[in-house]
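Colleague: Handing you this structure, nothing more for now.
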Amino acid sequence: MESMRKVGRYSIVAELKRSDKQATCKAWDPEAERFVLVKISLEPQTETDEESEDAQPVSSLHENLRHDHLILPLDAGIEHIYPYSVFEFIEGDDLRVLLERVDQLPVDITTWILTALLSGLAFLHDKNILHRDIKPENIMLARDGAVKLCDFDLASRFVETRPVEAGLTGSFGYFSPEEILGEKVLPASDLFSLGVTIYELLTGARPFAGTSMANETRAITHRQHLPVHTLRPGVPDALAAFIDRLLAKDPSQRPKDASRALHELSRTIDIPDEKTRSRAISSYIDAPDSYTELPVRTIELTQEP
């Protein structure tokens with residue numbers, strides 16, 4: 001594995017990151033004449049893996065994960081005994097890199113990113129797939145303003161009658177309360193992680209950040225977060241209330257899944273069309289310091305007579 005220079009038809013150009021279980025590489029596709037992202041499992045596939053549907057990596061189901069706001073899957077296979085998946089290579093930065101440059105994102109840009117992520121996440125939830133690792137590092141902003149949810153390494157299938165088994169899967173600081181407490185995990189758990197991420201984009205800090213892992217974990221399960229307005233005055237009330245919903249301790253108090261969350265958001269926030277949103281995001285990432293923030297317009301809900 002250490003000396004692997006080619007995976008399938010893809011020539012490895014550079015290793016971007018490595019964990020105990022996976023190597024992520026930039027590679028060249030000679031047929032399409034473009035760079036691609038290749039994720040190579042460092043764990044050999046066994047006969048048991050082949051027979052188990054639940055053990056199959058969700059990222060290998062490339063034909064089922066095509067959406068404008070998900071990183072585009074291109075191919076999958078096995079090199080010798082090592083499974084690999086191939087994705088589009090995105091020219092841009094992840095949100096963690098952007099946060100290190102600007103500390104906080106404009107309210108309008110954050111809202112359009114939230115909209116895009118809910119759209120991509122709704123696509124996953126509608127296919128009974130949980131992402132389980134939503135955080136700034138796993139969200140890419142392309143130079144053209146496209147927002148892409150990436151890294152399905154920890155994704156899991158679920159059905160209403162058989163939720164995902166309990167257990168901490170994801171990244172510290174973004175776990176939902178039910179994951180920490182050893183309870184079943186459902187789409188609302190993804191929404192909690194998304195709420196943490198959006199709160200961080202607006203304020204520059206996670207809502208439950210503590211001085212230690214133990215402190216932050218306890219805060220997630222027992223402490224209420226500071227309202228967004230406390231750290232970021234000027235956030236529209238409707239957006240602040242929506243973030244509060246995502247961060248509810250009880251998953252039944254959050255939207256049931258991303259489709260319902262997107263519908264809820266669109267009833268209270270005037271969301272411009274995709275082209276307008278992408279153009280704004282592209283302008284921002286091109287020159288954050290000179291970007292002129294646009295107002296996020298809310299929709300007044302009228303009571304039925």
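Quick note: the coordinates plus some simple rules give every number you see, no bench work behind them. Worth saying up front: this structure is predicted, and the values here are computed from it rather than measured. In this analysis, Cβ positions are derived from the backbone assuming ideal geometry, glycine residues included, and neighbour counts consider all displayed protein chains.
Colleague: At 222 nm, what helix-only mean residue ellipticity would the chain give, in deg cm²/dmol to the nearest 500, using -39500 (n - 2.57) for each DSSP H run of four or more?
Modeller: -10000 deg cm²/dmol
Colleague: Report the FRET efficiency, 1/(1 + (r/R0)^6), for Asn64 and Glu100, where r is their Cβ-Cβ distance and R0 is 35 Å, rounded to 0.05. Provide the component values of the computation, followed by the final result.
Modeller: On the way: r = 34 Å, r/R0 = 0.96.
Efficiency at R0 = 35 Å is approximately 0.55.
Colleague: Give the distance, in whole Å, between the Cα centre of segment 86-140 and the Cα centre of segment 217-247.
Modeller: Segment 86-140 and segment 217-247 have Cα centres spaced 19 Å from each other.
Colleague: For Asp237 and Asp286, calculate 0.36 nm times their separation in residues minus their Cα-Cα distance, and state this gained length in nm to one decimal.
Modeller: Length gained between Asp237 and Asp286: 14.8 nm.
Colleague: Would you mind getting me the FRET efficiency between Arg157 and Glu79? Use the beta-carbon distance for r and R0 = 25 Å, nearest 0.05.
Modeller: On the way: r = 25 Å, r/R0 = 1.00.
According to the calculation, E is roughly 0.50.
Colleague: Computed FRET efficiency, Cβ-Cβ of Ala14 and Lys275, R0 35 Å: what is it to the nearest 0.05?
Modeller: 0.60
Colleague: In a Gaussian network model over the chain where Cα atoms closer than 10 Å are linked, find which of Thr197, Thr24, Thr111 has the largest mean-square fluctuation.
Modeller: Thr24
Colleague: For segment 84-166, rounded, prolate or oblate, judged on the Cα gyration tensor with a ≥ b ≥ c (square roots of eigenvalues), a/c < 1.5 rounded, else prolate if a/b > b/c?
Modeller: Prolate is the answer for segment 84-166, as a/c is 1.5 or above and a/b outweighs b/c.
Colleague: Can you give the Rg and Dmax of segment 92-288 based on its C-alpha atoms, in angstrom?
Modeller: Here Rg and the maximum Cα pair distance are 15.7, 48 Å.
Colleague: When the chain is treated as a GNM, springs tying every alpha-carbon pair under 10 Å, which of Leu141, Leu294, Leu246 comes out with the largest mean-square fluctuation?
Modeller: Of Leu141, Leu294, Leu246, the Gaussian network model singles out Leu294 as fluctuating most.
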